[in-house]
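The values are calculated or read from the model by the stated rules, or taken from the named source; none is laboratory data. Model, not experiment: these values are computed from the prediction. Heads up, the Cβs are rebuilt from the backbone with ideal geometry, glycines too, and the neighbour counts pull from every protein chain shown.
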Amino acid sequence: MVSGQVEAEREWITHSTDEAAVERVCAATGCPRGIARLLVSRGFADEASVRAFFSPSLSDLHDPMRLLGMQTAVERIQRAVRDREPILIYGDYDVDGTTATVLLKTAIELCAPKGSPADVRYHVPHRIREGYGMRTGVLADASTAGVRLVISVDTGIRAFEAATEAKALGLDLIVTDHHLPDDAQGVPEAVAVINPAQPNCEYPFKSLCGAAVAFKLAHAILRASCASDAERDRLERMLVPSFLKLVAIATIADSVPLEGENRVIASLGLHELRNPVQTGLRALMEVAQIPTDRPPTATEVGFRIAPRINAAGRMDVASDVVELFLTRDAGRARELAEKLNRLNEDRKATETNALEAIDERLSAIRGKENHFPSTCFVLDDAEWHRGVLGILASRIVDRTGRPALVLTHEDGQAHGSGRSIEGYHLLDALTSTHNEDGSLFTRFGGHAHAVGFSLPSENVAALRERMERHSAPRLSQELLAPPLECDAELDVEELNMQFHEWLERCAPFGIGNREPIFYTRSVLLSGNVRTIKERHVCLEIDAGNSRFSALGWSRAGKLWTETCRKMELAAGSRVDIAYHLRAKNNAWHQGLELELVDVRPAATD
């Protein structure tokens, strides 16, 4: 949070709901009216859709064979396993890429007949030395080592040069990816390209993460290897749920929409994580201090498991993650998990140092007018570590509400990551700026909300100028300060543990299934505003026979201490509050509390 930045007052809106549908949902499920209104407002208005939402099952997963190219890929892998051809899985260094590598390697090895193990190797690129994407030199080395089939995971959809090199080397290439293909060039030439986002693919869900696409291939080849109905039944009952543990972690970590099939994957995978049998996964959860006697939450995965996995690729070598999830040695697993934990601490320290410099720059940009310009920020510094650029871009978005590109420099090349806000398509922006002369970037890719790229350092000034020119007319006030979408109005009497239990059944929350925002009118403050660490606040809400603490955390452009001061809040004030509902269950505080999203003076009669 940049000190002094105060959010402008926002309009609150609540989408109207069909009260007859609310009644039907309440009658069918027995849920509170506030939960029913939430469901109806999000499109779940009949009994069948509501029950499917509350109880996702394996039958809700789409058939992997509906993916374009799947049949060809399965047949090629079967031939490689049968003929004992060496196979190389070409992964990526983040959570999505490393878990995808583990999933596919495990599945191919399980397909091999007893006594004839499959030769499955893997390459996870080094973020600094190699960067993102497939490299021709790696393919040449693989060919020399006898590899005849290369399968990419979470990468490859724009690897045209690598595909050409693979063909010249006599390597068969299967691309599995989820990133957007190049509109102009299409997809690389390969034996098969599996990507629900590619043209002419009729797969009904387009927003899978890379590990989920790899899982679809794994599911298909395992199903094809089943020799009997009994084997197929075991696959669907035991192996598929087990695989979903890692797929859920990747789905949550990669910030794909938690709706449709992704929500099914996340829900089922989180449920399976209550008992992490795999040695490395259990060690990682123990190091992250996540109980293994209950399913973790999406928040725990996103903020405690995923950062430790990502830390390997950011600060060292991501192949440690693959080894962690493949090893059966408990001692080695613990050693690797503790290493990831240390790397994550190093990452946080590196991030903190860079953020100090970034905050100074943001303060200067904000200036005396105390507001940020309506533009995409482009910040660069040769001292910033390449491994944390994406995180830094996310922090700038949090602090300013603007999209951001963050770069560092090395040997005349600038390497960057970008993050965006809802409504501003960052990959389209990079494509547009590059197409002005076709020579801005050395390479770039990603999607609407996140991008990665590199360019000559001498081109950074042009990038900054072009991004400002592209973003300024598109970042309207409505985009930068959208209305606050509230899901339902609640009376304080409705706030109880039973309501919260129903709310938990609506999880996991994330993009596409955002955490609900409720609002309550004219609540009475029973005490003066309490300040926490000079930046955050606690309001005590009088609810008749009970009290609630409402906590305001200063972040994302809102300084709660300043907001409360300007509103002159004190004991006896009446306000409308918008909030998330939280449950506390520890030795010193049990019950509910509210996390403030916004507050405004209550209307007077």
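Residues that are closer than 14 Å to Gly91 by Cβ, buried (at least 23 other Cβ atoms within 10 Å of the Cβ) and over 26 Å from the mean Cα position of the chain (by Cα) within the stretch 140-170 comprise Val150, Ala162, listed in sequence order.
Mind checking whether some residue in the stretch 69-77 is on the phi < 0 side of the Ramachandran plot, outside any helix (DSSP H, G or I) and among the acidic types (Asp, Glu)? Walk me through it before giving the result.
Just the residues of the stretch 69-77 that are on the phi < 0 side of the Ramachandran plot, to begin with: 70-77.
Now drop any that are not outside any helix (DSSP H, G or I), which leaves none.
No: the stretch 69-77 contains no residue that is on the phi < 0 side of the Ramachandran plot, outside any helix (DSSP H, G or I) and among the acidic types (Asp, Glu).
Residues considered: Gly302, Gly331, Gly280. Of these, the only one that is touching a strand residue (DSSP E or B) at 6+ places or on another chain (Cβ under 9 Å) and not assigned by TED's automatic domain parsing to the domain that holds Val102 is Gly302. Checked against the criterion of being buried (at least 23 other Cβ atoms within 10 Å of the Cβ) and modelled with pLDDT under 95, the candidates Gly269, Gly313, Gly280, Gly302 yield just one match: Gly313.
Please work out which residue is nearest to Thr520 (Cα to Cα), limiting yourself to the stretch 11-64 and to residues that are in contact with a Pro (Cβ under 7 Å, 6 or more places away or on another chain) and of a type outside the set (A, V, I, L, M, F, W, C). The qualifying residue nearest to Thr520 (Cα to Cα) is Glu11.
Would you point out the residue of the stretch 478-493, among those that are closer than 21 Å to Val40 by Cβ and within 24 Å of the chain's Cα centre (by Cα), that is surrounded by the fewest Cβ atoms within 10 Å (Cβ to Cβ)? This residue is Pro483. Here the stretch 500-552 is the region considered, the condition is being in a strand (DSSP E or B), among the basic types (Lys, Arg) and out of contact with any Cys (no Cβ under 6 Å at 6 or more places or on another chain), and the residue that is farthest from Asn262 (Cα to Cα) is Arg547. When you check Lys348 against the structure, is it touching a residue at least 12 places away in the same chain (Cβ under 8 Å) and not hydrophobic (A, V, I, L, M, F, W, C), yes or no? No: the conditions fail for Lys348. Do we have any residue at all in the stretch 213-225 that's in contact with an Asp or Glu (Cβ under 9 Å, 6 or more places away or on another chain) and assigned to a loop (DSSP other than H, G, I, E, B)? No, every residue in the stretch 213-225 fails to be in contact with an Asp or Glu (Cβ under 9 Å, 6 or more places away or on another chain) and assigned to a loop (DSSP other than H, G, I, E, B). Would you check if there is a residue in the stretch 557-572 being under 28 Å from the mean Cα position of the chain (by Cα), assigned to a strand (DSSP E or B) and of a type outside the set (Lys, Arg)? Checked against the condition, which is being under 28 Å from the mean Cα position of the chain (by Cα), assigned to a strand (DSSP E or B) and of a type outside the set (Lys, Arg), the stretch 557-572 yields no hits at all. Filtered by the rule that a residue be without any contact (Cβ under 8 Å) to a residue 40 or more places away in the chain and among the polar types (S, T, N, Q), the stretch 22-65 gives Thr29, Ser49, Ser55, Ser59.
Could you go through the stretch 401-422 and let me know if any residue there is under 24 Å from the mean Cα position of the chain (by Cα), at negative phi and assigned to a helix (DSSP H, G or I). Checked against the condition, which is being under 24 Å from the mean Cα position of the chain (by Cα), at negative phi and assigned to a helix (DSSP H, G or I), the stretch 401-422 yields no hits at all. The residue that is surrounded by the fewest Cβ atoms within 10 Å (Cβ to Cβ), among those in the stretch 72-99 that are closer than 16 Å to Arg127 by Cβ and of a type outside the set (D, E, K, R), is Tyr93. With respect to the conditions (1) outside the structural domain of Gly387 (by TED's automatic domain parsing); (2) surrounded by 16 or more Cβ atoms within 10 Å (Cβ to Cβ), Asn496 lacks only one, and its number is (2).
None of Leu475, Leu430, Leu392, Leu407 is buried (at least 18 other Cβ atoms within 10 Å of the Cβ), closer than 15 Å to Gly131 by Cβ and modelled with pLDDT of 95 or more except Leu407.
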